[in-house]
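Only one structure is covered here, and it is reproduced in the block below.
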Amino acid sequence: MAADGPSKLGFGRKLMTGKAVAPARRDVAHEGFLTHRRGRWARIAAELSVAAIAVYVMTDPTPRHNGGTSLGYTLGTLGTAMIVWLSLLGVRKRVIGSKPFSLKGWTSAHVWLGLSLIVIGTLHSGFQFGWNVHTLAWALMMVVILSGLWGVTLYATLPEKLSANRGEVTQQQMLEAIRTLDRQLDTAAQPLAAEEAALVRLSLERCRIAGSLRQRLSGNYANDGNALALAAVSERVSAGLRAGRPDERLQQIQFLLERKEAALAQARRHIRMKAQLELWLYIHVPATIALLVALLAHVLSVFLYW
């Protein structure tokens, strides 16, 4: 009898209201932009690409496929409109609201329709490439698309890595921890001999948290002042232990240098991941602007000289 309770109760609600109980709406709060609306834009992009390929295969223009055929003009017009619309994502990010397209939906369209441009743009050209503004526009389009794929990969993986590396501290707190260790090293080096104190100064004066662009992206700081000082101090500490004359002052310096190296590694990982995101923008955004300029030149040259 108890097992029938929920069923009877639900049936009673339907009788009282005259309507069936609607199922709970799917929670889409955490739905990623790639799967927005259950992959709506991915399906549209796939269908668009398949349709373009099918029409391309079924037509046989004379003398061959190129941008000047009826199909070429159609695909070119479609591709141009898509490029211009998709490039407006940056403008959409600055507009508050959800209509006519939500930011997540526009981003999803930006990715998937952008990928479909590989098919549409290449079929528009009829695979006729050369040293001209038309091929330049196609090449810039490919640079934008490929750099966009790189950006999608970064945004899909780096935020979680940034959060895991940062833990419960902010970037400002990371830097403050390093400054605190520098003050402790400076104090601990006061009673040292001049040669040993010089090693501490090596850490204090020749240590870069960020470094050059190459260092920020590679994470290679092998010749950094703190790493060199730590290696030298560790060698002296080990020599003293082997000789049976441990130096507690140097051991304290070694401990502080090791803590500083760990703090530097955490801060540098954070900086490296942020630098990767910034580098992507420095490639993708200028390439998009260059594409729009080349696309304008491509369209004008077609109408003026063809």
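The values are calculated or read from the model by the stated rules, or taken from the named source; none is laboratory data. Just so it is clear, the structure is predicted and the values come from calculations on it, not from any experiment. We place every Cβ from the backbone using ideal geometry, glycine too, and count neighbours over all the protein chains shown.
Values for this structure:
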| item | result |
| --- | --- |
| Top-ranked residue in the stretch 176-196 [being of a type in the set (D, E) and under 37 Å from the mean Cα position of the chain (by Cα); ranked as surrounded by the most Cβ atoms within 10 Å (Cβ to Cβ)] | D182 |
| Matching option when the condition is assigned to a helix (DSSP H, G or I), assigned by TED's automatic domain parsing to the domain that holds E248 and touching a helix residue (DSSP H, G or I) at 6+ places or on another chain (Cβ under 6 Å), among D186, D182 | D182 |
| Enumeration of residues in the stretch 124-158 that are without any contact (Cβ under 8 Å) to a residue 60 or more places away in the chain, aromatic (F, W, Y) and either in a helix (DSSP H, G or I) or on the phi > 0 side of the Ramachandran plot (or both) | W138 |
| Conditions (1) assigned to a helix (DSSP H, G or I); (2) over 30 Å from M82 (Cα atoms); number of the one not met by N220 | (1) |
| Hey, L213 at pLDDT below 90 and loosely packed, with under 14 Cβ neighbours inside 10 Å or not | yes |
| Selection status of V299, assigned by TED's automatic domain parsing to the domain that holds S125, farther than 30 Å from A193 by Cβ and at pLDDT 95 or above | no |
| Residue in the stretch 197-206 that is surrounded by fewer than 12 Cβ atoms within 10 Å (Cβ to Cβ), acidic (D, E) and closer than 30 Å to A232 by Cβ present | yes |
| Condition met for R249 (in a helix (DSSP H, G or I), farther than 30 Å from Y155 by Cα and either touching a residue at least 12 places away in the same chain (Cβ under 8 Å) or not small (G, A, S) (or both)) | yes |
| Condition check for H270: modelled with pLDDT of 90 or more, surrounded by 16 or more Cβ atoms within 10 Å (Cβ to Cβ) and touching a His at 6+ places or on another chain (Cβ under 9 Å) | no |
| Residue match in the stretch 159-174 (condition: touching a helix residue (DSSP H, G or I) at 6+ places or on another chain (Cβ under 8 Å), at pLDDT 90 or above, in a helix (DSSP H, G or I) and surrounded by 16 or more Cβ atoms within 10 Å (Cβ to Cβ)) | yes |
| Selected residue (only one of T35, T62, T74 is farther than 22 Å from W138 by Cα, modelled with pLDDT of 75 or more, of a type outside the set (K, R) and not in a loop (DSSP other than H, G, I, E, B)) | T35 |
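Yes or no, residue by residue, for (1) touching a residue at least 40 places away in the same chain (Cβ under 8 Å); (2) under 25 Å from G167 (Cβ atoms); (3) not charged (D, E, K, R):
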position: D182; (1), (2), (3): yes, yes, no
position: A197; (1), (2), (3): no, no, yes
position: S212; (1), (2), (3): no, no, yes
position: L230; (1), (2), (3): no, yes, yes
position: R259; (1), (2), (3): yes, yes, no
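To keep it simple, each residue is scored yes or no on (1) surrounded by fewer than 17 Cβ atoms within 10 Å (Cβ to Cβ); (2) farther than 30 Å from N66 by Cα.
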{"site": "L264", "(1), (2)": "no, yes"}
{"site": "H284", "(1), (2)": "no, no"}
{"site": "A287", "(1), (2)": "no, no"}
{"site": "V293", "(1), (2)": "yes, no"}
{"site": "L296", "(1), (2)": "yes, no"}
{"site": "V299", "(1), (2)": "yes, no"}
